[in-house]
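A quick write-up on the structure given underneath.
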Amino acid sequence: MEMEENIVLKVKNVAKTFYVMDKHASMGTRVKSLINPKKYAQKVEVLKTISFNVFKGDFLGVIGENGSGKSTLLKIIIGYIDANEGGSVEVNGRLTKLALGMAFDDALTARDNIYLNGSIFGLTFEEIEERFEEIIMYAEVEKFVNTPLRFYSSGMRSRLALSIALHAEADIFLIDEFFGEVGDIGFKAKSNNIFNNRIANGKTILFVSHFMNLIEQYCNRLLVIDKGNGYLFEDVKEGLLFYKSRISA
Amino acid sequence: MTDRIFEFVEKRLPKNNRIERIWKIAQVDFKRRYYNDVLGLLWALANPLSQIGLYYFIFTRIFKKEQENYVLYIFCGIILWLAFAEASRKGSLILKEKQYLMENIQFNWVDLYISHMLSITYGMVFNFFAYAIISLLYKNTYGEYFYLFPIVLLTWFIFGLAISIILSLLRPLFEDSFHIWNILLNIGFWSSGIFYSGTYFFEDYTWFSYINPFIGIILNARACLLENNELYPFWLIYNFLFAGIFLVVAIYIFKKNIKKVTEKI
């Protein structure tokens, strides 16, 4: 089935129910639950029915209270778990979740970590080489490129992680509260600048956040997830009002 | 030294993100295993060497086993077996250990297993260098069929890959599978012809040679690496096909069930 040309992500009738096993269940029940989870495990309905499309260049905000099902939705979109039968996710392009310091290893040097994370984020070694100076200069760790990360302060670590993430390549980015709070005021301003120029500029983004001001600043559409149901708003302000009414209810 | 080797290979890789990512994850896993220790990579040697010393003493002095170049004879088998045991044990944890990647990036998850096997292979190659040095001391020239060694290694690699895939699917669902696998590894250690010739199984227990590819792998590894050791072409081909078919089946089971397993992690 071909997707409409400007739709890059199509989420249709996505629902998710988990079957969770009681930790103290007997060995027999555990084995039986592997074969027939519906009968022997506890049912937890996380997402009811969610459908929406994301268009090329969209900056779609996703907001919802803790436990509303946001993380589960992201896991389904990225393909880590399946939706219930009948639901589908179609992606047109490469999709990456920008997580800070995803594959950082304290025993390895900054150089090794940059190459590892860069290649995980879709860059070839040649592209990493081209951006290497920029990444370390932006992270302000020029003198410590060959130092293992275990000797880095938490600030240096965060700056490096953010710097690598901001140089990632993908058609669709999933952002889960990752930027804005790293470093001092100067560094935050620099981050916002790079984010605006490199990531937010024409790329398609799904932005999960609790910060309503950031959603209002960046997003052109909003998906509110409440108790496993999804509500899509073309007008972000209207969506935020709806969200506020739900959390105060 | 190892960094230079890695750098040398890295510069010659095709400029392709998938291949480079597989290579980098393997390299980092390898460094993670040894670079934090004071003696580093020497630990990769210490385990097989200590075991070889111990078994050599037991078999030649206590059981009076007489075999030409017995140290090398054991070395051939033990390197392959210990690397396989390590690959399968660590492989069973891949889904848990690499969850952070699978949750965040879209890529072919089988790549994680290829990286894993590559990182185990780096350690094994290091052991084979040690083998080559000891081989020189014993004035052993390579076996007559040295040129076939890549096929033996490839069979080992494919079989290890397939086993890692299956075990990693089982372990999150059924933790006891790890203990069952350890028992099987113990049985395999003594029944794969590491200390004696695996030809013992060909006549009386032929069926066992069919289900344990290590009997053929070790026999043929010796034909490649040791003088005066016979090659078993049937087992060379059979094991290669066995490992290949097993891998296809493992990938099929993986694709069919992986999402059910990731839900349980």
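The values are calculated or read from the model by the stated rules, or taken from the named source; none is laboratory data. Quick caveat: nothing in here was measured; it's all calculated off a predicted structure. Here the Cβ positions follow ideal geometry from the backbone for every residue, glycine too, while neighbour counts run over all protein chains shown. Heavy atoms of the whole protein, side chains included, go into the accessibility calculation; ligands, DNA and RNA do not. Shrake-Rupley method; radii C 1.70, N 1.55, O 1.52, S 1.80 Å.
At-a-glance table
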read-out: Residue count, region B:108-139 (criterion: in a loop (DSSP other than H, G, I, E, B), within 14 Å of chain A (Cβ to nearest Cβ) and surrounded by fewer than 19 Cβ atoms within 10 Å (Cβ to Cβ)); value: 1
read-out: Evaluation of A:Tyr115 against (1) at the interface with chain B (Cβ under 9 Å from one of its Cβ atoms); (2) free of Cβ contacts under 8 Å to residues at least 24 places away in the same chain; (3) of a type outside the set (Val, Ile, Thr); (4) in a loop (DSSP other than H, G, I, E, B) (one fails), failing number; value: (4)
read-out: Verdict on B:Gly198 being touching a helix residue (DSSP H, G or I) at 6+ places or on another chain (Cβ under 9 Å), away from chain A (no Cβ under 14 Å) and not in a helix (DSSP H, G or I); value: yes
read-out: Boolean, A:Glu85 is more than 7 Å from chain B (Cβ to nearest Cβ), within 25 Å of A:Phe207 (Cβ to Cβ) and surrounded by fewer than 18 Cβ atoms within 10 Å (Cβ to Cβ); value: no
read-out: Failed condition for B:Tyr100, given (1) surrounded by 23 or more Cβ atoms within 10 Å (Cβ to Cβ); (2) within 14 Å of another protein chain (Cβ to nearest Cβ); value: (1)
read-out: Pairs, first under 9 Å from B:Trp109 (Cβ atoms) in region B:252-265, second open to solvent by 60 Å² or more (accessible area, probe 1.4 Å) and assigned to a helix (DSSP H, G or I), C-beta under 6 Å, six or more apart; value: none
read-out: Complete set of residues in region A:214-249 that are assigned to a helix (DSSP H, G or I), exposed (fewer than 15 other Cβ atoms within 10 Å of the Cβ) and in contact (Cβ under 8 Å) with a residue 60 or more places away in the chain; value: A:Ile247
read-out: Selected residue [free of Cβ contacts under 8 Å to residues at least 60 places away in the same chain and either touching a Phe, Trp or Tyr at 6+ places or on another chain (Cβ under 7 Å) or open to solvent by 30 Å² or more (accessible area, probe 1.4 Å) (or both)] from B:Phe84, B:Phe6, B:Phe75; value: B:Phe75
read-out: Checking B:Tyr142 against (1) modelled with pLDDT under 95; (2) within 14 Å of the chain's Cα centre (by Cα); (3) open to solvent by 30 Å² or more (accessible area, probe 1.4 Å); (4) not hydrophobic (A, V, I, L, M, F, W, C), the condition it does not meet; value: (2)
read-out: All positions within region A:88-112 that are in contact with a helix residue (DSSP H, G or I) (Cβ under 6 Å, 6 or more places away or on another chain), more than 7 Å from chain B (Cβ to nearest Cβ) and closer than 15 Å to B:Arg32 by Cβ; value: A:Phe104, A:Asp106
read-out: Every residue from region B:224-239 that is open to solvent by less than 20 Å² (accessible area, probe 1.4 Å) and under 19 Å from B:Ile74 (Cβ atoms); value: B:Cys224, B:Leu225, B:Leu226
read-out: Candidate set from region B:17-37 (those that are open to solvent by 20 Å² or more (accessible area, probe 1.4 Å) and touching a Ser or Thr at 6+ places or on another chain (Cβ under 7 Å)); member that is farthest from A:Leu123 (Cα to Cα); value: B:Asp29
read-out: Count - residues of region A:77-91 that are within 8 Å of A:Val11 (Cβ to Cβ) and assigned to a helix (DSSP H, G or I); value: 1
read-out: Total residues in region A:16-69, condition under 15 Å from B:Glu263 (Cα atoms), open to solvent by less than 60 Å² (accessible area, probe 1.4 Å) and in a helix (DSSP H, G or I); value: 2
read-out: Filter result (acidic (Asp, Glu) and in contact (Cβ under 8 Å) with a residue 40 or more places away in the chain) within region B:87-121; value: B:Asp111
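For (1) within 15 Å of B:Gly244 (Cβ to Cβ); (2) more than 14 Å from the chain's Cα centre (by Cα); (3) not in a helix (DSSP H, G or I), each residue gets a yes or a no:
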{"residue": "B:Leu154", "(1), (2), (3)": "yes, no, no"}
{"residue": "B:Phe157", "(1), (2), (3)": "yes, no, no"}
{"residue": "B:Ile163", "(1), (2), (3)": "yes, no, no"}
{"residue": "B:Leu170", "(1), (2), (3)": "no, yes, no"}
{"residue": "B:Ile180", "(1), (2), (3)": "no, yes, no"}
{"residue": "B:Phe189", "(1), (2), (3)": "no, no, no"}
{"residue": "B:Gly193", "(1), (2), (3)": "no, yes, yes"}
{"residue": "B:Trp207", "(1), (2), (3)": "no, yes, no"}
{"residue": "B:Phe214", "(1), (2), (3)": "no, no, no"}
